[in-house]
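Enquirer: Okay, here's the structure, questions in a sec.
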Amino acid sequence: MMKTTIAAALALVVASGAAMAEFKDFTVNGDLVTKGQQEAVATEAISNNPNPHAAIANPQIEDQVRQMVIEYKVMSQYAKKEGLDKQQAVKDDIERMTDMVLMKHAVNEYVKKNPVTEKELKDEYQKESDRWGKTEYRVRHILVKTQDEAKQIIDQINKGASFAKIAAEKSLDEESKDRGGILDWTSASVFTGQLSSAIMGLKKGEMDKAPVQSPAGFHVVKVEDVRPAELYPKYEARKEELRHILLQRKVQAFIHEQVLRAEVKDAK
C-alpha cells in the first residue's frame, strides 16, 4: 500500500509537468464520465508504468484510458443491476477502498504543498558526489571462502606467483576471474564490507598485506591504478532521479509522522 500511494504521488508530479492528453466528457449508457475522472485514471495508470515519462508521451493514452473507463463503467452498471452493491462483502471492499483513495489524495495534496526544491536537489547531489569521492580505482582481486586460503594466496604472490593466474584458477568471482581479477574503474564507496576502506588505504600498485573480508568471503586485494573521479554523472543527468528519491522520502516521512500521532487501541 505504501509503494502504491507513493507511486501515485510521483505520477501526479510527473503528469503535472507534462502535456496530459486532451480528455473530453462522454457518457456510457447515460452515465457521465468527466474529463477529470479520465485524468485520474490516466494518473493511476502512469503510476503503475515503469517508465512514467514514456507513458505520458504515448499518443494512444487518450484512447487507452477511454477504453479502460468504459470497461469500469459498464461492469459497475452490471454489478448494480445484479444487486451486488448491496452485498456486505462488496460494502466492506468499498469502505476499504475509500480509505485508500483518501490516503492517496492526502499524499497528493501534501506533495503539491511540499515540492522538492532546487536547493534540496543540489544538496542531495552534493552529498552523493561527496560519497563517490574524488578518486576512482582500478582494482584487482581474488575472492575465496576462507581467511586461511586468502593468506596462502597472498604469501604465494609475495613469493612471485602470478596474481592473474591464481585469480583465473581460484577466484569465486565469475565476472572478473577470467580477466585476472580486474574490476572496472569505480569509486571505493561502491564496495561492501571492509573493502572500501582497504582500497582507499592502498597506493597504486600495492596489494593489501592481509585478507579483506566482505559478505561474499575473503579477498586478496590489489590497487592496479588510480585516477581523478570522472564517472559520477553530472547534475542535470541525475536531477530527475534525485527528485523522485527525495519525493519518496518526503512522502514516507509524512505518512510516518501521521502514524506516530495516531491513537491506536485494541477494540473492546
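Enquirer: Mind checking segment 109-184 for GluC sites (Glu not before Pro) that DSSP puts in a loop (not H, G, I, E or B) and that have at most 15 other Cβ atoms within 10 Å?
Expert: Here the GluC sites (Glu not before Pro) that fit, given the DSSP loop and packing criteria, are 174, 175.
Enquirer: Subtract the Cα-Cα distance of residue 184 and residue 80 from 0.36 nm times their separation in residues, and report this length gain in nm to one decimal.
Expert: Gain on extension, residue 184 to residue 80, equals 31.3 nm.
Enquirer: Continuing with the same structure: Which loop-located GluC sites (Glu not before Pro) does segment 236-268 contain, where loop means any DSSP state but H, G, I, E or B and the Cβ has at most 12 other Cβ atoms within 10 Å?
Expert: Numbers: sites: 236, 240, 241, 257, 263; in loops: 263.
Answer by residue number: 263.
Enquirer: How tilted is helix 235-261 with respect to the longest principal axis of the chain? Cα atoms for both, answer in degrees (0 to 90, nearest 10).
Expert: The helix 235-261 is inclined about 60 degrees to the chain.
Enquirer: Taking 0.36 nm per intervening residue step and subtracting the Cα-Cα distance, what contour gain separates residue 254 from residue 231 on full extension?
Expert: The span from residue 254 to residue 231 would gain 4.9 nm if fully extended.
Enquirer: Between residue 96 and residue 37, what's the calculated FRET efficiency when r is the beta-carbon distance and R0 is 25 Å? Round to 0.05.
Expert: After rounding, the FRET efficiency stands at 0.75.
Enquirer: Have a look at 232, 72, 110 and tell me which one the Gaussian network model of the chain (Cα, springs below 10 Å) gives the largest fluctuation.
Expert: Comparing 232, 72, 110 in a Gaussian network model of the chain, the most mobile one is 72.
Enquirer: From the list [x] 0.94; [y] 1.51; [z] 1.17, can you say which value of Cα Rg over 2.2 N^0.38 Å was derived from the structure given?
Expert: This structure yields the entry labelled [y].
Enquirer: Tell me what the chain gives for mean residue ellipticity at 222 nm when only DSSP H runs of n ≥ 4 count, each as -39,500 (n - 2.57), the sum divided by the residue total, rounded to 500 deg cm²/dmol.
Expert: After summing the helix terms and dividing by residue count, I get -18000 deg cm²/dmol.
Enquirer: So, with a 1.4 angstrom probe, what is the percent of accessible area on the chain that is carbon and sulfur?
Expert: Whole-percent figure for carbon plus sulfur exposure: 52.
Enquirer: Taking only protein heavy atoms into account and a 1.4 Å probe, give the accessible area per residue of the chain in Å².
Expert: Result: 64 Å² per residue.
Enquirer: Another question about this same structure. What is the gain in length, in nm to one decimal, between residue 138 and residue 88 on full extension, counting 0.36 nm per residue of separation less the C-alpha to C-alpha distance?
Expert: 11.5 nm
Enquirer: Now for a different question. Quick one: how many Å² of residue 184 are accessible to a 1.4 Å probe, rounded to 10?
Expert: About 100 Å², ignoring ligands and nucleic acids.
Enquirer: Name the residue, out of 164, 229, 79, whose mean-square fluctuation peaks in a Gaussian network model built on the chain with Cα pairs under 10 Å.
Expert: 79
Enquirer: Just to verify a number: FRET efficiency for residue 60 and residue 25, C-beta to C-beta distance, R0 = 22 Å, to 0.05? Could the numbers behind the result be given before it?
Expert: On the way: r = 20 Å, r/R0 = 0.90.
Given R0 = 22 Å and the Cβ-Cβ separation, E is 0.65.
Enquirer: Roughly how tilted is helix 147-158, in degrees to the nearest 10 and between 0 and 90, from the longest Cα axis of the chain?
Expert: The helix 147-158 is inclined about 50 degrees to the chain.
The values are calculated or read from the model by the stated rules, or taken from the named source; none is laboratory data. Everything numeric here is computed off the predicted structure, so don't read it as measured data. With ideal geometry, Cβ positions are generated from the backbone for all residues, glycine too; neighbour counts draw on all protein chains shown. Ligands, DNA and RNA are excluded from the accessible area calculation, which covers all protein heavy atoms including side chains. Shrake-Rupley method; radii C 1.70, N 1.55, O 1.52, S 1.80 Å.
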